[in-house]
Structure formats: structure tokens, C-alpha cells
């Protein structure tokens, strides 16, 4: 149960393909920042909230870091832990959600009547899903001010986590590409 729950968290978090809802992305940035002088970046401390086994959590962390690195390096940035212009971090997590609706028994006036020939009760529809969230933040290395931040989320039905883990690299890449599409900010 714990492993399944955790995989759901990560799967949703990183945007496994799901028919339930599209990925939502919101970006914030410092309007006074000139992004053209940023050339090198370093990683800060990341945070991922899961109950994964240590080896699975390490795989997921590696997939996120590698995907962000590929994204930044494709845009011309150089990884430099020693002398960065900006620092990048991510924070990720997910929450399980349940929704239900009921429809009254329309065949029996006044609702269910257990003494009649009614089947009684109220039919229920229940939907279970996970809401995954990822926040990526870029901070100026010199003055430690936040220069850019992206919030990404996606709702995913429960049960898709195994599919996500099988194709971890591509699933993470798709999510990160959408989350980072507005970095750097072009003025």
C-alpha cells in the first residue's frame, strides 16, 4: 500500500499522461531582472515529499534533476556548482483526492423505503485521483533574490503510477518541459 501510494504521488507530481486533466502551469518572475547575464547555474537543496523506498526516491530525484539539466543546457546554460550566476531548486509532492456524488432514488417517492419493493439506498459515484504539484525556483546567486518561479500541477486518476514509473524519463521530461517553457523570460 505505501509503495503504491508513493508512486501515485510521484506519477501525478510529474505529469504522467492522464485523461483526467491537463497540466496547469503558472510562472512568476522579477520584472526588473535582466536574464541575459545569467550563463551558469548550480543546484540548491531540493525537496520531494514521498513515502518511497530510498532507491525509488533516488530514481525520481535523479530523473527530475537530469530533466531540468537537459532543459537548461539545451537553452545554453552551463552547470557550475563552483561559480553559478543563479541557483535552481525544485519542490514536489502530491495529495490524494476523492470526490463523490449521489442521485436520489427517483422511483420511490420520498426517497428510499426499505419496506417497499425499492432496492433502497442512494446510488453513489466515486472518483479517486491524485493532485501532483511541482515548483521550480531560480534564485540569483549573488543577492539570493528569487528571479523566476514556475508552479505546475496535474490531476491524475489512481492506478496510472505503474505506467509512469515504466517510462520515468519521458514522463518527467514532458512535465519539466512544460513547467520551464517560460525560462528564461524574454523581454
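Observations on the model:
- Residue 125 being exposed (fewer than 13 other Cβ atoms within 10 Å of the Cβ), more than 30 Å from residue 28 (Cβ to Cβ) and at pLDDT below 75: yes
- Within segment 45-78, if we keep just the residues that are surrounded by 16 or more Cβ atoms within 10 Å (Cβ to Cβ), modelled with pLDDT of 95 or more and more than 16 Å from the chain's Cα centre (by Cα), the residue that is farthest from residue 173 (Cα to Cα) turns out to be 77.
- Failed item in (1) surrounded by fewer than 18 Cβ atoms within 10 Å (Cβ to Cβ); (2) outside any strand (DSSP E or B); (3) modelled with pLDDT under 90, with residue 93 passing the rest: (2)
The values are calculated or read from the model by the stated rules, or taken from the named source; none is laboratory data. A quick note: this is a predicted structure, and the numbers were derived from the prediction, not measured. For neighbour counting, all protein chains shown are included, and Cβ atoms are generated from backbone atoms with ideal geometry for every residue, glycine included.
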